[in-house]
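Novice: What follows is a structure written as structure tokens; I'll ask about it next.
Values in this text are rule-based calculations from the coordinates and carry no lab data. Everything numeric here is computed off the predicted structure, so don't read it as measured data. For neighbour counting, all protein chains shown are included, and Cβ atoms are generated from backbone atoms with ideal geometry for every residue, glycine included.
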Amino acid sequence: MSPTERDRASGGIGGIDRAAVILSAFDAAHRELTLAALVQRSGLPRSTAHRTADKMIRLGWLDKPDDRYRIGNRLFEISSLAPIRHELREAVLPFLQDLHHAARTTVQLGVLDGTQILVVDRISGHRPMPMLSQPGGTIPAYCSALGRAILAYSDPSKVEAVLSAGLPPRTPRTLTSSVAVLRELAAIPDQGWAIDREEGNIGVSCVAAPIFGPLGESVAALSVTGPSKLVRADRIGPAVRLAAAAASRAYSTRR
């Protein structure tokens, strides 16, 4: 079968598209996949998935130490060159570390990626919180403190895109109406931080503040996340706000 015929048999998609589909089959809950699982999650024919995965192994994009595929080290090396990792993370990391030392619970750095928050970095220390997304994972922007901290200073079009994508409840405490979310966003500039009151996980609260770029745009947010009895906005909010302000100055200076 010629390459053209193989593409037609695979729904008309080319090599780069097939590789993208393969990579999209992996997520935080599916870090390693058998060939059968890869076929099921990618939707590609078995022969196409096998052939594409083998080529990706040769490129270092995938690894297969036993009978399971996983993301290869080469992709990790490439991702470390992205500005979001190299510039933003390097500028903000010292302030994340200071905040973690002060709060003694999980701190996170995130950016808006469409309607989701991409977790860029996270420091958990000795208090593990497995329910939280790992770096590289995503969380909904509408019900997360990280998302609200960024959206409060974003263009209305970005806010509308998030609200239009739907506001499904993650817990009984999740705000699921546009009016309620907009009310939360409107309060953030005055108080200096955003709050997630057990909206993503019961028993877990989060306080976040925005990080601004050199033009005054909200480029990211950092947060403190932990058990609700420990993470209280009136106590931790000022520290989060100060850390974000210092991170903003450091990041803007590097740009």
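Novice: Where does helix 46-59 land angle-wise versus the long Cα axis of the chain, in degrees 0 to 90, nearest 10?
Specialist: That works out to roughly 70 degrees.
Novice: Still on this structure, I have one more. Calculate how steeply helix 233-254 sits against the longest principal axis of the alpha-carbon atoms of the chain, using the helix alpha-carbon long axis, and give the answer as 0 to 90 degrees to the nearest 10.
Specialist: Long axis of 233-254 versus the principal axis of the chain: about 60 degrees.
Novice: Normalised by the empirical 2.2 N^0.38 Å for globular proteins, what value does the Cα Rg of segment 83-254 take? Don't skip to the end; give the middle numbers.
Specialist: On the way: Rg = 14.4 Å, N = 172, 2.2 N^0.38 = 15.6 Å.
In units of the 2.2 N^0.38 Å rule of thumb, it is 0.92.
Novice: Work out the FRET efficiency for R183 and E90 from their Cβ-Cβ distance, taking R0 = 35 Å, and round it to the nearest 0.05. Please list the in-between numbers first.
Specialist: Details: r = 36 Å, r/R0 = 1.02.
Efficiency at R0 = 35 Å is approximately 0.45.
Novice: Can you tell me which lysines have their Cα less than 17 Å from the Cα of K64? Leave out same-chain residues fewer than eight positions away.
Specialist: Output for K64: K55.
Novice: So what's the back-of-envelope 222 nm ellipticity for the chain, counting only DSSP H runs of four-plus at -39500 (n - 2.57) apiece and dividing by all residues, rounded to 500? Walk me through the numbers before you get to the answer.
Specialist: Working: 10 runs with 112 residues, N = 255.
Rounded to the nearest 500, the figure is -13500 deg cm²/dmol.
Novice: Taking Rh as the Kirkwood radius, which is the inverse of the mean 1/r over Cα pairs, what is the Rg/Rh value for segment 175-255? Before the final figure, lay out the partial values.
Specialist: Working: Rg = 13.4 Å, Rh = 13.4 Å.
Checking Rg against Rh, the ratio lands at 1.01.
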